[in-house]
There are 2 protein chains.
Amino acid sequence: MVRQARSEATRRRIIDSAIDLINEIGYPAAGLADIIERAELTKGALYYHFDSKEALATTIIEEGATTVLDAFRAAGRSSSPAMENIVHGLFVVTDVLGTDRVAQAAGRLLRTFGGFNPAAKQTYATLLDEMTRLTTSAITEGDLRDDIDPEDASNAIIGALLGAELLSSALADSTDLRVRFGKVWAVMLPALISEDSLGYYREFLARQSLRAPRTPESSTVDGASPAG
Amino acid sequence: MVRQARSEATRRRIIDSAIDLINEIGYPAAGLADIIERAELTKGALYYHFDSKEALATTIIEEGATTVLDAFRAAGRSSSPAMENIVHGLFVVTDVLGTDRVAQAAGRLLRTFGGFNPAAKQTYATLLDEMTRLTTSAITEGDLRDDIDPEDASNAIIGALLGAELLSSALADSTDLRVRFGKVWAVMLPALISEDSLGYYREFLARQSLRAPRTPESSTVDGASPAG
């Protein structure tokens, strides 16, 4: 049991070192030798846990995707309209991407690998499915315009988030993602929201945009009061 | 002069081999050894032309970005409304990204490096500037809603393109980019276009979406008749 705990600690140290380097200098520049050096481990220790640099990347993608999806789901309330859960949930996601280093590294790896890595491909598919489920409900509830296909709405919303994340990462080191994505939402709202609900969602969005970014510590409180 | 021509041919062979490998297996998996083998050259020949794998990537980013920007600019007509040039020009860009292997590889590298590579960062900044210039004109011309900040509109439009490119690349090997981006435009139009112009741009978009994708050979003909 002691050996197992030590082995798990070693594995964690490798993952953490890789995450740091990916966030500091990017995945291409982060060589296995750099990761080993940062973790103060031997090549043997790394290869005991991971077959290759990509296997390590896959682990980070899976871990980061779980963090992001869990945060998104936890931010929603079954009693709230689906459209509120979409808007609030995605702001929570921007905060997670801005503060959680695993999620941040996973975001970089998702863009780097895209369709070339099964875990990355699966993450994009899961994000779109999750969003389509919500846009379908939002149409039924009368918030999302009923002349839009729920899958098209999902593609537009997830695409807008991914585009904003890419631009924020490239141009502002991900520091302005919440503000940047808030502006994209403000532009997109009249395209997505039905006439009857537009006034309410403009107000809802303005309140969301004004909120202090969620920190990892405040997640529970925040998740319990999305409209505050 | 013969030597110079031969040197240029070698340089080209390295770049072409790298582009092929990046499109086939992705940048992380494309090692320098693979690129050399594909080009049937020696390590010395590669290092004579490029200091590092990233230097080679930078060259491909610059070349691909020039191809995309030139195609976008050539698709526009000074006599056409700016909003028409935006919609038509971006469809031309989706075609270039779908058919031109340099542009395709550059797109992957832009996502891979983001802010970590100055050429990638500059490309994103240039795209946004170019688009802001056009959205500013489109507001003056009454096509783009005047309650939207031209820079916010630019961010939303470029972000939507980048998001669609990322999803298309990850989920459909970039084969559905034109269709996917057309659907995003259809969703976004009512958010961007003024009430007076909306009917016309719905029609304009429908015609653009129906057009056969531009192939590299047809670019001149196509560039001369964007509204056909």
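Observations
- For chain B, size of Cβ-based charge dipole, Lys and Arg +1, Asp and Glu -1, in debye: 740 debye
- Estimated from the Cβ-Cβ distance and a Förster radius of 30 angstrom, the FRET efficiency linking B:SER52 and A:ASP147 is about 0.05.
- Taken residue by residue and averaged, Cβ atoms of other chains lying within 10 Å of the Cβ of B:65-75 number 0.
- Each residue of region B:182-190 was assigned a 3J(HN,Hα) from its phi angle through the Karplus expression (A = 6.51, B = -1.76, C = 1.60, θ = phi - 60°), giving x, 5, 5, 4, 4, 5, 7, 3, x Hz with x at Gly and Pro.
- Among B:ARG12, B:ARG202, B:ARG101: highest mean-square fluctuation, GNM of chain B, C-alpha pairs under 10 Å: B:ARG12
- Under 28 Å between alpha carbons - lysine pairs in the protein assembly as shown that sit 8 or more apart or on different chains: 16
- Secondary-structure-derived ellipticity at 222 nm for chain A, considering helices only, amounts to -26000 deg cm²/dmol, per-run term -39500 (n - 2.57) for DSSP H runs with n ≥ 4.
- With a 10 Å cut-off around each Cβ of A:168-179, the average count of Cβ atoms from other chains is 3.
- Shortest-first nm distances, B:ASP152 label point to equivalent points in other copies (7 Å, Cα→Cβ): 2.4
- Choice from A:GLY163, A:GLY89, A:GLY64 with maximal GNM fluctuation in chain A (Cα, 10 Å cutoff): A:GLY163
- Annotation for A:THR99, label-to-label distances across the other copies: 4.8 nm (shortest first, one decimal, point 7 Å from Cα along Cα→Cβ).
- Pairwise FRET efficiency - A:GLN4 versus A:THR66, Cβ, R0 = 22 Å, nearest 0.05: 0.50
- Ascending distances from the B:SER79 label point to its copies in the other chains, with the point 7 Å along the Cα-to-beta-carbon line: 6.4 nm.
- Gyration tensor verdict on the protein assembly as shown (Cα atoms; rounded if a/c is under 1.5, prolate if a/b is larger than b/c, oblate otherwise): oblate
- Loop-resident sites, region B:1-78, for GluC sites (Glu not before Pro), counting at most 10 other Cβ within 10 Å (DSSP): B:GLU40
- Rounded tilt (10° steps) of B:82-99 against the dominant C-alpha axis of chain B: 30 degrees
- Annotation: amide H of A:LEU144 within the under-5 Å range of A:ILE139, A:SER194, sequence separation 5 or more or interchain, hydrogens built in the peptide plane.
- Fewest-first ranking of B:ILE19, B:ILE25, using other Cβ atoms within 10 Å as the exposure measure: B:ILE25, B:ILE19
- The relative contact order of chain B comes to 20 percent, based on Cα pairs under 8 Å that sit 6 or more residues apart.
Every number in this text was worked out from the coordinates using simple rules, so none of it is lab data. The model shown is predicted, which means the values in this text are computed figures rather than measured ones. So basically every Cβ, Gly included, is an ideal-geometry build from the backbone, and we count neighbours across all protein chains shown.
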